[in-house]
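Each remark here refers to the structure printed beneath this line.
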Protein chains: 2
Amino acid sequence: MTPEKPPTHSPAHRLAREQRSISIAEFFEKNRHLLGFDSPTRSIITTIKEAVDNALDACEEVEILPDIFISIHKLPDGLYRIIVEDNGPGILASHIPFVFGKILYGSRFHQIRQSRGQQGIGISAAVLYAQLTSGQPTRIISRCSYHEPAHEFMLGIHTETNEPDIVSHTEREWDRAHGTRIEITLKATFSARKRLIEYLAYSSVVNPHTRITLDLDGEYIVYERTSNEPIKKPESIKPHPHGTELGRLQRMAAQKSLPKQMSVHAFLIDQFSKIGTKTADEICIHAGIDKDQDVTSLDLSALTSLHAALQAIKIPPPNAQTCLSPITEEQIRQGILKEFNPDFAVAKTRTAIVYAGHPVVVEAALGYGGSLETEGQAKLLRFANRVPLMYQQGACIITGVINAINWRNYGLSQQGLPLGPLLLLVHIASTNVPFTSESKDAVAAVPEIEREITLIVQELGRELKQFLNRRDKMRQSEERAQAICSLIPDIAEKVAETLERPVPDTSPIEGRIMKRLIAKAQMRDGRVHLSVYNYTSTALDVSVYCFSSDDLSQSSKKPTYCDESGGEYTAVWNLHLESGEGWNAEYPGTGGTIDIRGVLDEQKVVIHS
Amino acid sequence: MTPEKPPTHSPAHRLAREQRSISIAEFFEKNRHLLGFDSPTRSIITTIKEAVDNALDACEEVEILPDIFISIHKLPDGLYRIIVEDNGPGILASHIPFVFGKILYGSRFHQIRQSRGQQGIGISAAVLYAQLTSGQPTRIISRCSYHEPAHEFMLGIHTETNEPDIVSHTEREWDRAHGTRIEITLKATFSARKRLIEYLAYSSVVNPHTRITLDLDGEYIVYERTSNEPIKKPESIKPHPHGTELGRLQRMAAQKSLPKQMSVHAFLIDQFSKIGTKTADEICIHAGIDKDQDVTSLDLSALTSLHAALQAIKIPPPNAQTCLSPITEEQIRQGILKEFNPDFAVAKTRTAIVYAGHPVVVEAALGYGGSLETEGQAKLLRFANRVPLMYQQGACIITGVINAINWRNYGLSQQGLPLGPLLLLVHIASTNVPFTSESKDAVAAVPEIEREITLIVQELGRELKQFLNRRDKMRQSEERAQAICSLIPDIAEKVAETLERPVPDTSPIEGRIMKRLIAKAQMRDGRVHLSVYNYTSTALDVSVYCFSSDDLSQSSKKPTYCDESGGEYTAVWNLHLESGEGWNAEYPGTGGTIDIRGVLDEQKVVIHS
């Protein structure tokens, strides 16, 4: 008998023929919805968002005030050309093909600090999507300084290998001294105009140092910067011991770049955040490891002890101040006042916490009343690392937390989100924001972050409740005061009659009772007399607006601002009035109306006579 | 003057030093929550799920009945060892390192057919997570046939390069003829026992051909197969023209593997699903392209026309029958009856539709009453390609659709999900299920799929409403009948007294009025007389159970089944009774109780006398 011959074609052999490596470009081409390219409508916004993120990050790297130009131009056959141009530091010609033509390539993935881009995926995904839907390569122009020429590339991606496909590369003239321009042609539907406008408006709220110009086929919209301070570039930090997994520690100890015969003690101090000589000593003792031992000689068991010691020993949290760049309470508050003009606005910034070794700062703001929509649910603005999150609100932990809070405690009814003229803004700044997908639309439910959002929103809720209580009290006392005040003129008239004296001006008395700012415009002897008295209990900064066909520039008090248009004058006086202080002015003429800005409607009484 | 020397260190030069390529393993190590490794609790379930998916897919490839062994074993230091072993076709030794030690490697990504795995990420992500948290490599044993030795590998992943790290490789003995075993050691918390049990139970509902044995540190739970039919392996199809983007068409036309000088006409027929000679003619005419032209000579403009023609010409949908493997209405219904024992169960399978060129079949089932929880929201079971989806219910379009339906129309109140003893099961089968992230927990909101889910759930809702109406009517008529029946014995007694005759048996009359099945066990003359009458308006298939210490095997009618244990007899007669038909039997003895199974409690009356 001959020995049985093994079959060379077991089922596994057949199956093996179908096994192959999948390039990340193929993967994301097929699963492009993971990157925010799930519909022709969304693809325009995603493309712009990725390009703007890169532009802002690049300017921040060199602390330049960003000046960004965006254009959307309709082409035949359902195609659109998107242009995004910045005044950033530019990209070296040798790197351009990789930055735009290779998925998973970038400078920020390996650094521990806050940045908008953190994956090296976004903009090359846009190039991939453009190539897939329009068949056309993307044009990149970039220049690094006045002394160097600009470079122009036409680029695609070899999908099967995830390597750049350089269609052409030329040096050229460019009128910018430095910056980068991307021109991308894709199949799309531009039906999300409102969302784009919102995205840019919100971006400018959290990036007040940025000017954005949008060109919609010839219609220009400019988002002017409101701050001339460039954002300070967040600095990279070393990994924090508390977030370092055993496998990572293993790799760090085996790095080829370590100095020869580095001791465990030196390794700890050199490679981690927040470990000094004393802490390193403690860690080695806790782990039962000789601190002078060569770190490369540690076996798995020794590394396991070292890892346990790194988690057990108390180590201060990482320096959030240097590696994060929160927007700050004041800038957020100014931003929402400017954008939404609410009656009440308050912003908070929490102190930094740490999750899995990553520092996180949560900021939030609340606005109420004013121009905010009275009907329906609160407006929720979500941000991560200074980028507005425009999609998947329902999947985001920010929404989850706000829905879970009982808003009746703070005087509002709710259906999921609270109801009424309410704006909520939450910003999460971290060296590693845990998004639920590569499209970075929603933040995952990390317990530490969830707790921070809960605490800060509750803080804002308490302030809202105080405001609403104050407002309600004010309304009550106003009603009472009005009842009294309605009697005063009658009493004054009777008393005057009895005493045979002229009827006195009772309005200051009314003002005092009602604790209001009283503003009057009175015509007398061919002149108009303006007067403002602050009968409230606090100092006020107010603006007196006067509109008249009389020449207001001849006023006895020089206006802060005066303008004439078609025979109609507008004058503005900016005043600081202490409690009890008054102000007056007059001008020749017979007419005019006044208005006071800077105080709540409930706080002022305006009288024309 | 010498010319100004260009600076070699513009900011861009400094930034360029930080640019680098990111390996997909590094990316997913940092963003492991995208893969379902977001917490120590979840990582055990994700690991088992990925291994079981692979085992089932492998068995399906060769149409074997799967036999899967899973073990979870607690080790010191917060570590767990997970073992998953299958009887599949095995993996060639030369491929093992890549299948388990390289992310994005697999056989199913490039094929267009239904499978559980579609990415080539899952199991290597588990190896990566194990290495990161325990520092330990993973053991793989695999054998392809009785004629070949088994191979054992200890494997990790070189994170920086995403290449396999082969710690050891040996040939060895193994008692299995073919199959694969993975032993993976990771840091974890095993607090999700209930969810694991649910995951396995639900897996076995949608994979009735599978036996799963779970060993929890010595405690064994077996999920026995309920079908001995292996699942027919879905066949790969070619891409469908309607889902093919321009960029993809460009690549297909430029493939090196095409025959030399292939005509456009031949290319269309050879490369696409559902294009025959006639359709290919039409497409060429619509595109204005000579059908005999060499396909590689088409420029972007010609390809754009061809692409437009491919979308414009009517082409039949892809063959869902061959490439998909729906569970079928009957198997789903049996599955939920077995698992949840509801009073009412109905299942539906929709006919296939196409989104972006991918065929999709949606199946759903509804169960009501019985053992289902009366309080709270409906139980929702979501499945995709025969895999239970255990996380992120809120982010899934299935949940979205069910929440959006007005359940009051179907007789239920709702709070998001409908309320009451309700079970809803939805299964989405597709060649490309659009998940919201790599962890494959939730299905994205694709409009075509959303519509299919809405339609099928509404169909089920209508059936539920009919059932609830029937039940309500039945209850009403029962109440009426009971009122009448309570008088009949009194009348019979009075009449018998008057006529001086014995009191007749009135129960058949009651049965007729109440439209019930009447079952009686009566002792007479040392024998027990069993009788069953079907007074309902339909034919019934019922089982008569009789329990007695008398010898039931001596019954006048031979039982379908008869058993004795400790002197107690159980006999079962399976009967088919037309409306109005009766059945009887007798046995020597003096005792026994009967029960009827196969009809609702409301439909039967059981009398012992």
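The values are calculated or read from the model by the stated rules, or taken from the named source; none is laboratory data. Remember, it's a predicted structure, so these values are computed and weren't measured experimentally. Don't worry about glycine lacking a Cβ; one is built from the backbone with ideal geometry, like all the others, and counts go over all protein chains shown. Just so you know, the surface numbers come from the protein's heavy atoms only, side chains and all, with ligands and any DNA or RNA stripped out. Shrake-Rupley method; radii C 1.70, N 1.55, O 1.52, S 1.80 Å.
Here are some notes:
- Between the C-alpha center of region A:82-97 and that of region A:470-534 there is a gap of 66 Å.
- Shielding by other protein chains, A:391-398, mean Cβ within 10 Å: 2
- With R₀ fixed at 51 Å, the C-beta to C-beta distance from residue A:329 to residue B:220 puts the FRET efficiency at about 0.30.
- Chain A - Debye-derived log10 I(q)/I(0), Cα point model, q = 0.09 Å⁻¹: -0.92
- Average beta carbon contacts from partner chains per residue of A:19-29, 10 Å cutoff: 6
- Global geometry of region A:82-182, whether rounded, prolate or oblate, following the gyration tensor of its Cα atoms and the 1.5 cut on a/c: oblate
- Of all DSSP-defined beta bridges confined to chain B, some 85% are antiparallel rather than parallel.
- Shape call, region B:49-133: gyration tensor on alpha carbons, a/c limit 1.5: oblate
- Label-point separation, residue B:254 to residue B:371 (7 Å along Cα→Cβ), nm: 6.0 nm
- Euclidean distance of C-alpha centroids, region A:544-589 and region B:216-260, integer Å: 77 Å
- Sites residue B:311 and residue A:296 - FRET efficiency at Förster radius 56 Å, r taken between beta-carbons, to 0.05: 0.40
- Residue mean of other protein chain beta carbons inside 10 Å, A:104-113: 4
- Global geometry of region A:24-223, whether rounded, prolate or oblate, following the gyration tensor of its Cα atoms and the 1.5 cut on a/c: rounded
- Segment residue B:343-residue B:448, extension gain: residue separation times 0.36 nm, minus the distance between their alpha carbons: 34.6 nm
- Taking both sides together, the accessible area buried where A meets B is about 6300 Å² for a 1.4 Å probe.
- Theoretical FRET efficiency, 1/(1+(r/R0)^6), r = Cβ-Cβ of residue B:491 and residue B:465, R0 41 Å, to 0.05: 0.55
- Based on C-alpha pairs under 8 angstrom that are at least 6 apart in sequence, chain A has a relative contact order of 10 percent.
- For the protein assembly as shown, the spread of Cα positions along the three principal axes, ordered from largest to smallest, is 127, 100, 81 Å.
- When both region B:106-124 and region B:302-340 are represented by their alpha-carbon centers, they are found 18 Å apart.
- Average accessible surface area per residue within the protein assembly as shown, 1.4 Å rolling probe, Å²: 44 Å²
- For GluC sites (Glu not before Pro), the sites in region B:463-568 that DSSP calls loop and that have at most 14 other Cβ atoms within 10 Å are B:500.
- Inter-label distance for residue B:476 and residue B:277, nm, one decimal - labels placed 7 Å from Cα along Cα-to-Cβ: 6.6 nm
- Each residue of region A:283-294 was assigned a 3J(HN,Hα) from its phi angle through the Karplus expression (A = 6.51, B = -1.76, C = 1.60, θ = phi - 60°), giving 4, 4, 5, 4, 7, x, 10, 5, 5, 8, 4, 5 Hz with x at Gly and Pro.
- Helix A:447-485 vs. chain A, principal-axis angle (Cα, 0 to 90°, nearest 10): 10 degrees
- Expected 222 nm ellipticity per residue - DSSP helices of 4 or more, -39500 (n - 2.57), all of chain A, to 500: -9500 deg cm²/dmol
- Accessible surface of the protein assembly as shown [probe 1.4 Å, protein heavy atoms]: carbon and sulfur percent: 50 percent
- When only alpha carbons of region B:246-312 are considered, Rg and Dmax amount to 10.5, 28 Å.
- Coupling constants for region B:552-559 follow from the phi torsions by the Karplus curve (6.51 cos²θ - 1.76 cosθ + 1.60, θ = phi - 60°), and in residue order they are 6, 5, 8, 4, 5, 10, 5, x Hz; glycine and proline get x.
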